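Worksheet: one structure, shown below.
The values are calculated or read from the model by the stated rules, or taken from the named source; none is laboratory data. Everything quoted here is computed from the prediction, not taken from an experiment. Backbone-built Cβ (ideal geometry, glycine too); neighbour counts: all protein chains shown.
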Amino acid sequence: MPSSNVYGGQFFNIDEYEVCSIGTGYMANYVSGGGANRAGATLTNKRVYFSGHVFTIKDNGAPVALKQRKVVNIRDITGIGYLFYNPIEWLVYAAIAAITGIGLSITMDGGASIGGLLLGLVVGGGLAAVWYMGRMTLFAIEYAGGSIAFDVRWIQSHEQDDFIRNIHLSKDALYGVSAAAQGFVLC
């Protein structure tokens, strides 16, 4: 039986309530009929509800964008952190293109040398832009069986900090041991 809450009873348990959310307001967007178009998560006292465009990491370290909906029990969350993705190969390609353009300008005569230099610099600049746009910092929530990551460009830093803190406080409450009893107290 769904619980009664501000999102129209979308949580699994009748005594489940929202603690906080992160991202672009996934629950409000989803329940209002907007679907899972943006990345976000809602933390309740028992679960984390994920939805939207998220990232997973392939074996070679490259992120893969997925559109996903998932629910994870708080007990299954094993870690929270950041993943930094830097596709450095595009920067190497940019340097090679620029050096090739310089080499062409040295070996050619007249207008062709300027054309070779410009071509190398334009291609190198384009490849450098691909590198710059491809860099990402991902906010990752790891759980038994996998992980889910959000691009932090769309998440404010205080929102990330609040979500991390609330996950740990919810885990402490769920396990029946407060943070103070474990020696984790804010001064």
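Quick rundown of the values:
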{"quantity": "Selection status of L119, surrounded by fewer than 17 Cβ atoms within 10 Å (Cβ to Cβ), touching a residue at least 24 places away in the same chain (Cβ under 8 Å) and either assigned to a strand (DSSP E or B) or not β-branched (V, I, T) (or both)", "calculated": "no"}
{"quantity": "Total residues in segment 44-99, condition surrounded by 12 or more Cβ atoms within 10 Å (Cβ to Cβ), of a type in the set (V, I, T) and not in a strand (DSSP E or B)", "calculated": "4"}
{"quantity": "Looking only at segment 71-92, and only at residues there that are under 29 Å from Q10 (Cα atoms) and among the hydrophobic types (A, V, I, L, M, F, W, C), the one that is nearest to the chain's Cα centre (by Cα)", "calculated": "I80"}
{"quantity": "Residue within segment 37-54 that is more than 23 Å from N166 (Cα to Cα) and modelled with pLDDT under 90 present", "calculated": "yes"}
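The rows are residues; the columns are (1) at pLDDT 90 or above; (2) buried (at least 16 other Cβ atoms within 10 Å of the Cβ).
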position: S105; (1), (2): no, yes
position: G111; (1), (2): no, no
position: L127; (1), (2): yes, yes
position: M136; (1), (2): no, yes
position: Q156; (1), (2): no, no
position: Q160; (1), (2): no, yes
position: I167; (1), (2): yes, yes
position: Y175; (1), (2): no, no
position: A181; (1), (2): no, no
